[in-house]
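The values are calculated or read from the model by the stated rules, or taken from the named source; none is laboratory data. Being a predicted model, the structure only gives us computed values, none of them experimental. Neighbour counts run over all protein chains shown; Cβ positions are idealised from the backbone, glycine included. Calculation scope for accessible area: heavy atoms of the full protein, side chains included, ligands and nucleic acids excluded. Shrake-Rupley method; radii C 1.70, N 1.55, O 1.52, S 1.80 Å.
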Amino acid sequence: MIRVDAHHHVWRIARGDYGWLTPDLPIHRDYALDDLRPLLGDVTATVLIQAAPTEAETEFMLTVARNSRNLVRGVVGWTDLAAPDASAHVAAMAKSPLLKGLRPMLQDIADTDWILRPEVQPALMTMAQCGLRFDALIQPRHLPLLPLLVQRHPHLPIVIDHAAKPAIAHGAFDTWAADIARAARETNAFCKLSGLVTEAAPHWHHDDLRRYADHLIACFGPSRLMWGSDWPVVELAGGYARWRTATDHLLAGLDATAREAVLGGTACNFYDLGAAA
(Lines give C-alpha, C1' and ligand atoms only; values in the text may rest on other atoms or scores of the structure.)
Protein backbone atom coordinates (compact mmCIF):
# COMPACT_ATOMS: atom_id res chain seq x y z
CA MET A 1 0.00 0.00 0.00
CA ILE A 2 1.85 3.04 -1.32
CA ARG A 3 1.11 6.42 0.24
CA VAL A 4 2.46 9.51 -1.54
CA ASP A 5 2.02 13.17 -0.74
CA ALA A 6 2.19 14.44 -4.32
CA HIS A 7 2.32 18.14 -3.47
CA HIS A 8 4.13 19.92 -0.66
CA HIS A 9 6.69 22.65 -0.19
CA VAL A 10 9.54 23.61 2.11
CA TRP A 11 11.05 27.05 2.37
CA ARG A 12 13.68 29.12 4.12
CA ILE A 13 12.61 32.74 4.40
CA ALA A 14 16.16 34.11 4.40
CA ARG A 15 16.63 32.82 0.84
CA GLY A 16 14.62 35.89 -0.16
CA ASP A 17 12.79 34.80 -3.33
CA TYR A 18 9.30 33.98 -2.00
CA GLY A 19 7.67 37.20 -3.13
CA TRP A 20 4.13 36.05 -2.32
CA LEU A 21 5.04 34.98 1.23
CA THR A 22 4.50 38.28 3.04
CA PRO A 23 5.07 38.86 6.78
CA ASP A 24 1.35 39.21 7.45
CA LEU A 25 0.75 35.54 6.62
CA PRO A 26 0.72 33.06 9.54
CA ILE A 27 2.98 30.75 7.52
CA HIS A 28 5.70 33.41 7.17
CA ARG A 29 8.38 31.31 8.83
CA ASP A 30 10.77 28.55 7.84
CA TYR A 31 9.31 25.11 7.08
CA ALA A 32 11.63 22.13 6.74
CA LEU A 33 11.16 18.39 6.26
CA ASP A 34 11.67 17.87 9.98
CA ASP A 35 8.49 19.91 10.51
CA LEU A 36 6.61 17.72 8.02
CA ARG A 37 7.74 14.26 9.12
CA PRO A 38 5.60 14.07 12.31
CA LEU A 39 2.50 14.87 10.22
CA LEU A 40 2.93 12.24 7.52
CA GLY A 41 1.32 9.24 9.18
CA ASP A 42 1.47 6.41 6.63
CA VAL A 43 2.91 8.59 3.86
CA THR A 44 6.33 7.24 2.89
CA ALA A 45 7.16 9.26 -0.23
CA THR A 46 6.62 12.85 -1.30
CA VAL A 47 6.95 15.19 -4.25
CA LEU A 48 8.45 18.58 -3.42
CA ILE A 49 7.01 21.48 -5.42
CA GLN A 50 8.50 24.90 -6.18
CA ALA A 51 7.27 27.93 -4.24
CA ALA A 52 9.51 30.60 -5.80
CA PRO A 53 10.10 31.54 -9.44
CA THR A 54 13.88 31.01 -9.39
CA GLU A 55 16.31 28.32 -10.42
CA ALA A 56 18.08 28.94 -7.13
CA GLU A 57 15.07 27.58 -5.27
CA THR A 58 15.08 24.52 -7.53
CA GLU A 59 18.69 23.82 -6.51
CA PHE A 60 17.69 24.34 -2.87
CA MET A 61 14.87 21.78 -3.25
CA LEU A 62 17.11 19.27 -4.97
CA THR A 63 19.55 19.53 -2.07
CA VAL A 64 16.68 18.99 0.37
CA ALA A 65 15.59 15.93 -1.62
CA ARG A 66 19.09 14.44 -1.74
CA ASN A 67 19.36 14.79 2.04
CA SER A 68 15.81 13.60 2.79
CA ARG A 69 16.71 9.99 3.65
CA ASN A 70 14.63 8.80 0.71
CA LEU A 71 11.44 10.66 1.68
CA VAL A 72 11.38 13.16 -1.20
CA ARG A 73 11.33 11.05 -4.37
CA GLY A 74 10.77 13.87 -6.83
CA VAL A 75 11.11 17.64 -7.27
CA VAL A 76 9.09 19.96 -9.48
CA GLY A 77 11.17 23.05 -10.11
CA TRP A 78 11.11 26.30 -12.07
CA THR A 79 12.88 27.99 -14.92
CA ASP A 80 11.83 30.91 -17.12
CA LEU A 81 10.17 29.05 -19.98
CA ALA A 82 9.97 32.26 -22.03
CA ALA A 83 13.69 33.04 -21.89
CA PRO A 84 15.63 32.84 -25.18
CA ASP A 85 17.86 30.09 -23.73
CA ALA A 86 15.06 28.27 -21.89
CA SER A 87 15.46 25.02 -23.83
CA ALA A 88 19.12 24.77 -22.82
CA HIS A 89 18.21 25.40 -19.17
CA VAL A 90 15.47 22.76 -19.29
CA ALA A 91 17.79 20.18 -20.81
CA ALA A 92 20.50 20.89 -18.22
CA MET A 93 18.06 20.70 -15.31
CA ALA A 94 16.57 17.44 -16.59
CA LYS A 95 19.90 15.70 -16.05
CA SER A 96 19.09 15.46 -12.35
CA PRO A 97 17.16 12.21 -11.80
CA LEU A 98 15.28 13.79 -8.89
CA LEU A 99 13.87 16.57 -11.07
CA LYS A 100 10.52 15.25 -12.30
CA GLY A 101 8.94 18.39 -13.72
CA LEU A 102 8.69 22.16 -13.95
CA ARG A 103 6.01 24.61 -12.86
CA PRO A 104 5.59 28.16 -14.10
CA MET A 105 3.46 30.14 -11.67
CA LEU A 106 0.65 30.73 -14.15
CA GLN A 107 -1.81 31.83 -11.49
CA ASP A 108 0.35 34.91 -10.87
CA ILE A 109 0.68 35.88 -14.54
CA ALA A 110 -1.96 38.37 -15.65
CA ASP A 111 -1.96 37.16 -19.25
CA THR A 112 -4.18 34.08 -19.19
CA ASP A 113 -2.79 32.97 -22.57
CA TRP A 114 0.87 33.24 -21.49
CA ILE A 115 1.49 29.51 -21.76
CA LEU A 116 0.47 29.64 -25.45
CA ARG A 117 2.90 32.42 -26.37
CA PRO A 118 5.28 31.47 -29.21
CA GLU A 119 8.40 32.09 -27.15
CA VAL A 120 7.31 29.49 -24.55
CA GLN A 121 6.72 26.62 -26.98
CA PRO A 122 10.37 25.53 -27.53
CA ALA A 123 10.88 25.03 -23.79
CA LEU A 124 7.69 22.97 -23.54
CA MET A 125 8.87 20.83 -26.43
CA THR A 126 12.20 20.29 -24.69
CA MET A 127 10.42 19.32 -21.48
CA ALA A 128 8.56 16.58 -23.35
CA GLN A 129 11.74 15.42 -25.08
CA CYS A 130 13.58 15.22 -21.75
CA GLY A 131 10.79 13.29 -20.02
CA LEU A 132 9.76 16.09 -17.69
CA ARG A 133 6.21 16.76 -16.51
CA PHE A 134 4.29 20.03 -16.46
CA ASP A 135 2.59 21.03 -13.22
CA ALA A 136 -0.20 23.44 -14.18
CA LEU A 137 -0.63 25.95 -11.36
CA ILE A 138 -3.79 27.42 -12.82
CA GLN A 139 -7.09 29.04 -11.98
CA PRO A 140 -10.47 28.33 -13.57
CA ARG A 141 -9.76 31.01 -16.20
CA HIS A 142 -7.02 28.80 -17.65
CA LEU A 143 -9.01 25.59 -18.03
CA PRO A 144 -10.33 26.34 -21.54
CA LEU A 145 -6.70 26.59 -22.75
CA LEU A 146 -5.74 23.04 -21.79
CA PRO A 147 -7.11 21.24 -24.85
CA LEU A 148 -5.12 23.57 -27.13
CA LEU A 149 -1.98 23.20 -25.00
CA VAL A 150 -2.24 19.41 -25.17
CA GLN A 151 -2.91 19.57 -28.91
CA ARG A 152 0.37 21.44 -29.33
CA HIS A 153 2.31 19.19 -26.95
CA PRO A 154 0.65 15.76 -26.95
CA HIS A 155 3.68 14.05 -25.38
CA LEU A 156 4.05 16.46 -22.44
CA PRO A 157 2.54 14.93 -19.27
CA ILE A 158 0.38 17.53 -17.51
CA VAL A 159 -1.15 17.57 -14.05
CA ILE A 160 -3.60 20.25 -12.91
CA ASP A 161 -2.60 21.50 -9.46
CA HIS A 162 -5.32 22.01 -6.84
CA ALA A 163 -8.10 21.17 -9.33
CA ALA A 164 -7.54 24.65 -10.83
CA LYS A 165 -8.63 26.31 -7.56
CA PRO A 166 -12.43 26.51 -7.80
CA ALA A 167 -13.91 29.31 -5.67
CA ILE A 168 -15.51 26.96 -3.15
CA ALA A 169 -16.09 29.64 -0.52
CA HIS A 170 -18.32 31.49 -3.00
CA GLY A 171 -20.15 28.38 -4.15
CA ALA A 172 -18.73 28.64 -7.68
CA PHE A 173 -19.29 25.29 -9.36
CA ASP A 174 -21.09 25.10 -12.70
CA THR A 175 -18.60 26.86 -14.99
CA TRP A 176 -15.60 25.28 -13.27
CA ALA A 177 -17.27 21.87 -13.41
CA ALA A 178 -17.99 22.15 -17.12
CA ASP A 179 -14.51 23.40 -17.97
CA ILE A 180 -12.63 20.81 -15.92
CA ALA A 181 -14.85 18.06 -17.31
CA ARG A 182 -13.94 19.18 -20.82
CA ALA A 183 -10.24 19.26 -19.89
CA ALA A 184 -10.49 15.72 -18.54
CA ARG A 185 -12.47 14.49 -21.54
CA GLU A 186 -10.43 16.12 -24.30
CA THR A 187 -6.92 15.77 -22.87
CA ASN A 188 -4.79 13.19 -21.11
CA ALA A 189 -4.12 15.57 -18.20
CA PHE A 190 -4.02 14.35 -14.61
CA CYS A 191 -5.34 16.29 -11.62
CA LYS A 192 -4.37 16.77 -7.98
CA LEU A 193 -6.88 16.39 -5.20
CA SER A 194 -5.19 19.16 -3.25
CA GLY A 195 -5.60 22.80 -2.33
CA LEU A 196 -9.37 22.61 -1.97
CA VAL A 197 -9.49 23.62 1.68
CA THR A 198 -7.68 26.91 1.12
CA GLU A 199 -10.35 27.78 -1.45
CA ALA A 200 -13.17 26.92 0.98
CA ALA A 201 -14.68 29.08 3.73
CA PRO A 202 -12.60 29.33 6.94
CA HIS A 203 -14.80 26.95 8.94
CA TRP A 204 -15.14 24.35 6.19
CA HIS A 205 -16.52 20.86 6.64
CA HIS A 206 -15.69 17.97 4.37
CA ASP A 207 -19.25 18.06 3.04
CA ASP A 208 -18.47 21.53 1.63
CA LEU A 209 -15.87 19.85 -0.57
CA ARG A 210 -17.85 16.76 -1.52
CA ARG A 211 -19.40 17.80 -4.83
CA TYR A 212 -16.04 19.12 -6.03
CA ALA A 213 -14.23 15.92 -5.08
CA ASP A 214 -17.01 13.73 -6.51
CA HIS A 215 -16.84 15.64 -9.77
CA LEU A 216 -13.07 15.21 -9.99
CA ILE A 217 -13.36 11.49 -9.35
CA ALA A 218 -16.06 11.20 -12.00
CA CYS A 219 -14.09 13.21 -14.55
CA PHE A 220 -10.57 11.87 -14.10
CA GLY A 221 -11.07 8.53 -12.41
CA PRO A 222 -8.65 7.22 -9.77
CA SER A 223 -5.95 6.46 -12.35
CA ARG A 224 -5.61 10.19 -13.20
CA LEU A 225 -6.24 11.69 -9.75
CA MET A 226 -3.59 12.03 -7.02
CA TRP A 227 -3.68 13.32 -3.47
CA GLY A 228 -1.49 16.12 -2.16
CA SER A 229 -1.39 18.07 1.08
CA ASP A 230 -0.19 21.46 -0.20
CA TRP A 231 1.67 21.73 3.11
CA PRO A 232 2.51 24.15 4.65
CA VAL A 233 -0.08 26.28 2.81
CA VAL A 234 -2.72 23.90 4.18
CA GLU A 235 -1.88 25.23 7.64
CA LEU A 236 -3.89 28.32 6.66
CA ALA A 237 -7.02 26.16 6.45
CA GLY A 238 -7.00 23.61 9.24
CA GLY A 239 -3.72 21.80 8.78
CA TYR A 240 -2.34 18.56 7.40
CA ALA A 241 -4.19 16.08 9.61
CA ARG A 242 -7.59 17.72 9.12
CA TRP A 243 -7.24 17.68 5.33
CA ARG A 244 -6.09 14.05 5.38
CA THR A 245 -9.10 13.09 7.52
CA ALA A 246 -11.40 14.96 5.15
CA THR A 247 -9.82 13.09 2.24
CA ASP A 248 -10.70 9.77 3.85
CA HIS A 249 -14.34 10.91 3.98
CA LEU A 250 -14.27 12.12 0.39
CA LEU A 251 -12.81 8.85 -0.90
CA ALA A 252 -14.97 6.58 1.27
CA GLY A 253 -17.21 5.65 -1.65
CA LEU A 254 -14.32 4.19 -3.66
CA ASP A 255 -13.18 0.60 -3.44
CA ALA A 256 -9.80 -0.20 -1.95
CA THR A 257 -7.99 -0.34 -5.30
CA ALA A 258 -9.29 3.08 -6.34
CA ARG A 259 -8.36 4.64 -2.99
CA GLU A 260 -4.86 3.19 -3.25
CA ALA A 261 -4.48 4.84 -6.65
CA VAL A 262 -5.54 8.30 -5.48
CA LEU A 263 -3.44 8.09 -2.31
CA GLY A 264 -0.27 6.91 -3.97
CA GLY A 265 -0.34 4.76 -7.07
CA THR A 266 -1.30 7.49 -9.51
CA ALA A 267 1.45 9.80 -8.26
CA CYS A 268 4.01 6.99 -8.55
CA ASN A 269 2.98 6.36 -12.14
CA PHE A 270 2.77 10.00 -13.20
CA TYR A 271 6.04 11.15 -11.62
CA ASP A 272 7.83 7.82 -12.19
CA LEU A 273 8.69 7.49 -8.52
CA GLY A 274 9.47 3.81 -8.96
CA ALA A 275 8.87 0.78 -6.80
CA ALA A 276 11.01 2.37 -4.08
CA ALA A 277 8.04 4.50 -3.08
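If I filter the stretch 1-31 down to residues being touching a helix residue (DSSP H, G or I) at 6+ places or on another chain (Cβ under 8 Å) and of a type in the set (A, V, I, L, M), which single residue comes out as nearest to ASP161 (Cα to Cα)? The selected residue is ALA6.
Assessment of the stretch 161-183 against the conditions (closer than 15 Å to PRO140 by Cα, open to solvent by 10 Å² or more (accessible area, probe 1.4 Å) and touching a Lys or Arg at 6+ places or on another chain (Cβ under 6 Å)) yields no matching residue.
Can GLY131 be described as closer than 17 Å to LEU81 by Cα and either acidic (Asp, Glu) or open to solvent by less than 60 Å² (accessible area, probe 1.4 Å) (or both)? For GLY131, the condition - closer than 17 Å to LEU81 by Cα and either acidic (Asp, Glu) or open to solvent by less than 60 Å² (accessible area, probe 1.4 Å) (or both) - is met. Counting only residues that are in a loop (DSSP other than H, G, I, E, B) and either closer than 17 Å to LEU39 by Cβ or acidic (Asp, Glu) (or both), the stretch 244-255 holds 1 of them. Put simply, of ALA267, ALA218, ALA258, ALA241 the only residue that is assigned to a helix (DSSP H, G or I), surrounded by 19 or more Cβ atoms within 10 Å (Cβ to Cβ) and modelled with pLDDT of 95 or more is ALA267. The numbered conditions (1) open to solvent by 50 Å² or more (accessible area, probe 1.4 Å); (2) modelled with pLDDT of 95 or more are all true for PRO202 except (2). On inspection, TRP204 qualifies as assigned to a loop (DSSP other than H, G, I, E, B), among the aromatic types (Phe, Trp, Tyr) and more than 17 Å from LEU81 (Cα to Cα). The one condition from (1) out of contact with any Asp or Glu (no Cβ under 6 Å at 6 or more places or on another chain); (2) in contact (Cβ under 8 Å) with a residue 40 or more places away in the chain; (3) of a type in the set (D, E, K, R) that LYS165 does not meet is (1).
Can you tell me which residues in the stretch 80-95 are in a loop (DSSP other than H, G, I, E, B) and either among the aromatic types (Phe, Trp, Tyr) or surrounded by fewer than 23 Cβ atoms within 10 Å (Cβ to Cβ) (or both)? Result: ASP80, ALA82, ALA83, PRO84, ASP85, ALA94, LYS95.
Being buried (at least 18 other Cβ atoms within 10 Å of the Cβ) and in contact with a Leu (Cβ under 9 Å, 6 or more places away or on another chain) is true for just one of LEU48, LEU98, LEU39. Which residue is that? Write out each step before concluding.
Working: LEU98 fails: buried (at least 18 other Cβ atoms within 10 Å of the Cβ); LEU39 fails: in contact with a Leu (Cβ under 9 Å, 6 or more places away or on another chain).
Residue meeting the stated conditions: LEU48.
Taken as a whole, the condition of being in contact with a Leu (Cβ under 7 Å, 6 or more places away or on another chain) and surrounded by fewer than 21 Cβ atoms within 10 Å (Cβ to Cβ) does not apply to LEU137. Residues that are over 16 Å from ARG3 (Cβ atoms) and in a strand (DSSP E or B) within the stretch 25-47 comprise just one, TYR31.
Name the residues in the stretch 140-157 that are out of contact with any helix residue (DSSP H, G or I) (no Cβ under 8 Å at 6 or more places or on another chain) and either part of a helix (DSSP H, G or I) or open to solvent by less than 10 Å² (accessible area, probe 1.4 Å) (or both), would you?
First pass over the stretch 140-157, keeping only residues out of contact with any helix residue (DSSP H, G or I) (no Cβ under 8 Å at 6 or more places or on another chain): 141, 151, 154.
Selection gives ARG141, GLN151.
Scanning the stretch 113-128 turns up no residue that is of a type in the set (Val, Ile, Thr) and not in a helix (DSSP H, G or I).
Tally up the residues in the stretch 20-36 that are free of Cβ contacts under 8 Å to residues at least 60 places away in the same chain and open to solvent by 70 Å² or more (accessible area, probe 1.4 Å), please. Break it down into steps so the answer makes sense when it comes.
Let us first name the residues in the stretch 20-36 that are free of Cβ contacts under 8 Å to residues at least 60 places away in the same chain, namely 21-24, 28-30, 32-34.
Subset that is open to solvent by 70 Å² or more (accessible area, probe 1.4 Å): 23-24, 29-30, 34.
So the count comes out to 5.
THR198 meets all of the listed conditions (1) more than 11 Å from the chain's Cα centre (by Cα); (2) closer than 21 Å to ASP272 by Cβ but one, namely (2).
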